[in-house]
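Written out below as structure tokens is the structure these notes cover.
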Ligand SMILES: [Ca+2]
Ligand SMILES: [Ca+2]
């Protein structure tokens with residue numbers, strides 16, 4: 001049997017890859033705050049931070065981070081073969097595999113996460129904008145902007161469901177529903 005990567009190692013590697021690519025949990029939480037603040041009075045950045053941390057526990061997301069970051073890094077180093085190298089480096093308009101990988105990791109938190117991803121893909125706020133802005137320094141973030149949008153979308157969807165649960169369920173029922181969202 002082939003050796004399996006331990007879940008904790010995978011999670012740690014995914015978070016390290018984000019940091020290596022200049023993406024902090026804080027920067028993602030700021031996007032979540034912007035997305036969810038209009039819907040609730042009591043939202044704090046702290047709550048958004050912990051929501052981002054919680055969705056990073058999801059394997060689908062960890063795997064998407066690892067795949068996306070790796071392809072960006074290989075493209076930066078010129079280690080992919082042509083024509084893929086040029087397509088990823090130039091972030092070609094019709095190249096949609098970056099969005100496809102990201103959206104594949106958005107399905108865990110329901111339609112709110114999916115619509116939020118669609119919105120972020122267009123509006124590109126905060127660090128997503130920074131990643132998407134092309135600077136001629138050889139950096140490639142073709143995959144990372146979509147990955148960050150996916151993380152923020154999941155964290156937003158999770159928050160929205162939890163806030164609604166808080167309104168509708170008693171403390172005891174909430175305890176039973178723990179882990180639902
Ligand atoms: Ca694309
Ligand atoms: Ca992209």
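Every read-out reported here was derived from the displayed coordinates using simple, explicitly stated rules and does not represent laboratory data. Remember, it's a predicted structure, so these values are computed and weren't measured experimentally. Please note: Cβ atoms are built from the backbone with ideal geometry, for glycine as well, and neighbour counts cover all protein chains shown.
Tabulated results
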| read-out | value |
| --- | --- |
| Region 150-170, residues that are farther than 20 Å from residue 43 by Cβ and over 19 Å from the mean Cα position of the chain (by Cα) | 170 |
| Search result, residues across region 117-149 that are over 11 Å from the mean Cα position of the chain (by Cα) and not in a loop (DSSP other than H, G, I, E, B) | 118, 119, 121, 122, 123, 127, 129, 130, 131, 132 |
| Residue that is within 14 Å of ligand 2 (Cβ to nearest atom) and touching a helix residue (DSSP H, G or I) at 6+ places or on another chain (Cβ under 9 Å), where the choices are 140, 114 | 140 |
| Any chance residue 149 is without any contact (Cβ under 8 Å) to a residue 12 or more places away in the chain and within 16 Å of ligand 1 (Cβ to nearest atom) | no |
| Candidates 72, 91, filtered to the one that is surrounded by 13 or more Cβ atoms within 10 Å (Cβ to Cβ) and under 20 Å from residue 125 (Cα atoms) | 91 |
| Restricting region 70-99 to residues that are near ligand 1 (Cβ under 10 Å from one of its atoms) and assigned to a helix (DSSP H, G or I), the residue that is farthest from residue 18 (Cα to Cα) | 87 |
| Residue list for region 1-21, restricted to those being in contact (Cβ under 8 Å) with a residue 12 or more places away in the chain and either out of contact with any helix residue (DSSP H, G or I) (no Cβ under 8 Å at 6 or more places or on another chain) or within 21 Å of residue 140 (Cα to Cα) (or both) | 13, 14, 15, 17, 18, 20, 21 |
| Every residue from region 25-34 that is in contact (Cβ under 8 Å) with a residue 24 or more places away in the chain and under 14 Å from the mean Cα position of the chain (by Cα) | 25, 27, 28, 29, 30, 31, 32 |
